[in-house]
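The values are calculated or read from the model by the stated rules, or taken from the named source; none is laboratory data. All values derive from a computational prediction rather than experimental measurement. Note: ideal-geometry Cβ built from the backbone for every residue, glycine included; neighbour counts use all protein chains shown. We work out accessible area using only protein heavy atoms, side chains counted, and drop any ligands, DNA or RNA first. Shrake-Rupley method; radii C 1.70, N 1.55, O 1.52, S 1.80 Å.
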Amino acid sequence: MHQLNQELKLAVIIPLYNESEVLSDLRVAVDKMVAELPAAVSVYFIDDGSRDDTLDKVLEWTGESPHIYVVSLSRNFGHQAAIAAGLDQVGEEVDYVVIMDGDLQDPPELVAEMLDKAREGFDVVYARRRSREGETGWKRGTSKVFYRILRLLTPIEIPEDVGDFRLISRMALEAFRQMPEHHKFLRGMFAWIGFSQAEVLFDRPTRAAGETKYPTRRMVSLAWHAATSFSSTPLRLAMLPGVISILIGICYCMYSLIRHLRGETVPGWTALVFLVSMFGGSLLFAIWVMGEYIAKIYEEVKHRPHYLIKLTAGGYEE
Ligand code: UDP
Ligand code: MG
């Protein structure tokens, strides 16, 4: 049994952006996890263009432990792109991959439980937050509203209170790699791929150190990409104000025709302004929504790389 366990290969992907303050705690937690897990673990730290000394510190680690790898991106490409970069780096021999935040809000102790689930035959094991300590009511509230709306918009079941902390099998990894889209919304994509999925519950602790790299502006941007990447409903909804204004317009035409036939002259300057502005408004709205999708198509057809790697190190190779 033990022999079998040792053969299991697990890669852990940890994106880091200006996480210098949390690194010492992270190292301790990661080393503990590597020692305790019944698998051969390699850890990939993805430096997402940090401006502090995050990269220098993790590069030092590669000289100390053969299981530590570093991938450094040429600039800050964002959390999701950094994870994608890590997923692309994972070698052929790896059986399972874990995606985990670097601030210890995704407790490494949970990975053992996730691995057990995976070995029962699940391809995606995601961690659902039972509680979220120290997160502002604002963040919790907006997240709830976001998932409600997303659920209405898309036919794909994207689990609530689930971040990017998850374990995926080789098969799920290969499926993910077949999705070349630019704006990656990982939790949506891992729901989209299907296969057998399971959850483990955990209480999300506060950040070990440092502060969040997800200000409201970035959360809104992620939510928007999620909605437009996983649903074309907004595009179709743009039709609604158009249809309504046409219906109102028809009624109004009939009304004025009747008045005309009765011989009542109605110059109707106010009504004209009313109609013009209504049509104008709905047209502009529809054009705006369309423009958003066209912008997305534009970005996709450019086929730009999703990230650029500045250097890679680790495994005692360098
Ligand atoms: N992160 C990243 N690039 C970014 C923003 C964040 O690699 O542009 C990393 C960050 O270092 C952390 C993880 O993504 O390991 C989650 O970020 P954070 O903890 O700030 O998000 P929150 O938990 O507040 O949602
Ligand atoms: Mg965090």
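In the set (1) within 16 Å of ligand 2 (Cβ to nearest atom); (2) over 24 Å from the mean Cα position of the chain (by Cα); (3) open to solvent by 40 Å² or more (accessible area, probe 1.4 Å); (4) not hydroxyl-bearing (Ser, Thr, Tyr), the condition left unmet by ASN18 is number (2). Does segment 140-150 contain at least one residue that is in contact (Cβ under 8 Å) with a residue 12 or more places away in the chain and either in contact with a Cys (Cβ under 9 Å, 6 or more places away or on another chain) or part of a loop (DSSP other than H, G, I, E, B) (or both)? No: segment 140-150 contains no residue that is in contact (Cβ under 8 Å) with a residue 12 or more places away in the chain and either in contact with a Cys (Cβ under 9 Å, 6 or more places away or on another chain) or part of a loop (DSSP other than H, G, I, E, B) (or both). For segment 205-214, the criterion of a residue being free of Cβ contacts under 8 Å to residues at least 40 places away in the same chain and of a type in the set (A, V, I, L, M, F, W, C) is satisfied by no position.
Please give the helices (runs of 4 or more DSSP H) falling wholly within segment 182-281 in which 3 or more residues are under 28 Å from TYR147 (Cα atoms), among the hydroxyl-bearing types (Ser, Thr, Tyr) and open to solvent by less than 60 Å² (accessible area, probe 1.4 Å).
Values: elements: 186-192, 216-230, 233-237, 239-261.
Those helices (runs of 4 or more DSSP H) span 216-230.
Among the conditions (1) open to solvent by 40 Å² or more (accessible area, probe 1.4 Å); (2) assigned to a helix (DSSP H, G or I); (3) under 30 Å from LYS57 (Cα atoms); (4) of a type outside the set (Lys, Arg), GLY134 misses just one, which is (2).
Counting only strands (runs of 3 or more DSSP E) that sit wholly inside segment 36-105, not one has at least 1 residues that are within 16 Å of ligand 2 (Cβ to nearest atom), without any contact (Cβ under 8 Å) to a residue 12 or more places away in the chain and buried (at least 20 other Cβ atoms within 10 Å of the Cβ). From the residues in segment 96-127 that are away from ligand 1 (no atom under 15 Å from the Cβ) and among the charged types (D, E, K, R), which one is nearest to ARG217 (Cα to Cα)? The qualifying residue nearest to ARG217 (Cα to Cα) is GLU109.
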